[in-house]
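Computed from the coordinates by the stated procedures, all read-outs in this text should not be read as laboratory data. Source: prediction; values computed, not measured. Cβ placement follows ideal geometry from the backbone for every residue including glycine, while neighbour counts extend to all protein chains displayed.
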Amino acid sequence: DTGVSQDPRHKITKRGQNVTFRCDPISEHNRLYWYRQTLGQGPEFLTYFQNEAQLEKSRLLSDRFSAERPKGSFSTLEIQRTEQGDSAMYLCASRSINLVGNTEAFFGQGTRLTVV
Amino acid sequence: ELKVEQNPLFLSMQEGKNYTIYCNYSTTSDRLYWYRQDPGKSLESLFVLLSNGAVKQEGRLMASLDTKARLSTLHITAAVHDLSATYFCAVAPLVSGGSNYKLTFGKGTLLTVNP
């Protein structure tokens with residue numbers, strides 16, 4: 001499968017626990033995006049990377065959230081001290097930026113987090 | 001702050017009928033996207049509209065963009081049950097260089113096509 005891959009697909013955790021999600025983008029895509037989608041809403045932008053550099057973070061990304069892309073390939077999103085309000089689908093997308101022109105982003109299947 | 005409004009939010013229609021979903025956005029943008037999402041699944045890209053007057057068609061769906069009115073439409077022709085899904089429009093802000101993909105999504109339109 002050469003698409004965007006996210007792991008795990010589902011995560012149930014107790015309030016106060018830490019969780020980490022992983023996203024493997026399409027090979028050689030240099031931009032990677034994280035979005036959060038709650039039930040009945042559209043996805044909301046969280047953060048994005050160009051290669052290993054985190055270029056922008058939404059104000060939605062509180063200090064309990066941290067994202068990394070250490071080698072410019074896969075990315076992780078960690079939530080510390082989870083709260084019930086963190087329950088959502090976390091979507092990852094990737095795209096390439098090149099001299100020819102911009103390309104469209106492709107979304108992964110998402111990680112559905114349930115905090116109980 | 002860029003805001004994107006879709007209407008209607010819920011649409012129930014009969015097979016064979018036509019209908020239009022509207023997407024309004026609040027600030028200047030240079031690109032607009034339409035996505036489809038099936039329950040529990042990720043987003044499937046339908047259309048990318050990059051210029052004023054752009055019109056794209058795929059099967060029973062046709063999307064258009066009027067940047068002056070800050071309006072995009074998704075028109076459904078002769079609906080079939082397989083089109084039942086949630087449809088989102090998303091807008092990228094106008095950024096110098098145009099390479100941003102920080103999308104602002106509408107709330108989505110839940111389309112149900114009944115036999």
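Brief remarks on what is shown
- Two-decimal ratio, the stretch A:6-53, of alpha-carbon radius of gyration to 2.2 N^0.38 Å: 1.36
- Cβ-placed point charges (K, R +1; D, E -1), dipole of chain B about Cα centre in debye, nearest 20: 160 debye
- For the protein assembly as shown, with +1 on Lys and Arg beta carbons and -1 on Asp and Glu, the positive-most of A:Y90, A:F74, B:A78 along the dipole: A:Y90
- Convex hull volume per residue in cubic angstrom - Cα atoms of chain A: 102 Å³
- Dipole check for the stretch B:28-72: with +1 at the C-beta of Lys and Arg, -1 at the C-beta of Asp and Glu, and the Cα centre as origin, the magnitude is about 80 Debye.
- From the Kirkwood radius over Cα pairs of the stretch B:1-57, Stokes-Einstein at 10 °C and 1.306 mPa s returns a whole-number translational diffusion coefficient of 117 µm²/s.
- Out of every Cα-Cα pair that chain B contains, those further apart than 26 angstrom amount to 15 percent.
- Top positive-direction residue, dipole computed over the protein assembly as shown with Cβ charges, set B:S45, B:Y33, A:T47: A:T47
- Overall, chain A carries a charge dipole of about 360 debye about its Cα centre when +1 sits on the Cβ of Lys and Arg and -1 on the Cβ of Asp and Glu, all other atoms neutral.
- For the protein assembly as shown, the Kirkwood estimate of hydrodynamic radius, built from reciprocal distances between every pair of different alpha carbons, is 18.3 Å.
- Average Cα contact separation per residue, chain B, under 8 Å, 6 or more apart, as relative contact order %: 36 percent
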